[in-house]
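Engineer: Structure incoming, see below.
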Amino acid sequence: MALKPPQASVYIRMSKADRVKEEVGWFKLVFAGFLATDISLVAWLAQNYKTADAVLLVLASIGVVLVTLIIIVVNRAAFKRMAKLESL
């Protein structure tokens with residue numbers, strides 16, 4: 001049995017300000033997860049740059065760059081939602 005998505009009426013009961021607050025809350029959660037991942041990758045690189053294989057170092061470096069870019073995108077999206085909240 002497949003799960004159904006929530007009905008649109010569930011979202012109608014929520015005010016726009018509350019909906020934007022919830023979105024900002026989710027962005028904070030996503031931001032924190034990616035930030036922890038980024039810090040962990042940088043720490044791993046700092047500890048293992050002498051002993052790790054070159055392939056692992058390149059992949060970890062690419063991972064750091066990608067995760068950092070994702071953090072920037074999430075941060076900008078959260079600030080856009082906060083600006084939207086100010087205008088409501």
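Engineer: Consider Met1 against the criteria (1) part of a helix (DSSP H, G or I); (2) at pLDDT below 95: it satisfies all of them except one. Which criterion is unmet?
Structural biologist: The single condition Met1 does not satisfy is (1).
Engineer: Hey, another quick one. When the stretch 46-76 is examined, which residues are found to be more than 19 Å from the chain's Cα centre (by Cα) and part of a helix (DSSP H, G or I)?
Structural biologist: Those that are more than 19 Å from the chain's Cα centre (by Cα) and part of a helix (DSSP H, G or I): Ala46, Gln47, Asn48, Ala54, Val55, Leu56, Leu57, Val58, Leu59.
Engineer: Check the stretch 30-45 and report whether any residue there is modelled with pLDDT of 95 or more, part of a helix (DSSP H, G or I) and loosely packed, with under 11 Cβ neighbours inside 10 Å.
Structural biologist: Checked against the condition, which is being modelled with pLDDT of 95 or more, part of a helix (DSSP H, G or I) and loosely packed, with under 11 Cβ neighbours inside 10 Å, the stretch 30-45 yields at least one hit.
Engineer: Something else: Give the residue that is surrounded by the fewest Cβ atoms within 10 Å (Cβ to Cβ), with candidates limited to residues of the stretch 5-27 that are modelled with pLDDT of 65 or more and part of a loop (DSSP other than H, G, I, E, B).
Structural biologist: Among those that are modelled with pLDDT of 65 or more and part of a loop (DSSP other than H, G, I, E, B), it is Arg13.
Engineer: Here's something else I'd like to know. I'd like the full set of residues that are of a type outside the set (A, V, I, L, M) and in contact (Cβ under 8 Å) with a residue 12 or more places away in the chain, limited to the stretch 51-88.
Structural biologist: Hits for the stretch 51-88 are Ser61, Gly63, Thr68, Asn75, Arg81, Lys84.
The values are calculated or read from the model by the stated rules, or taken from the named source; none is laboratory data. This structure is a prediction, so every number in the text was calculated from the model and none was measured. Backbone-built Cβ (ideal geometry, glycine too); neighbour counts: all protein chains shown.
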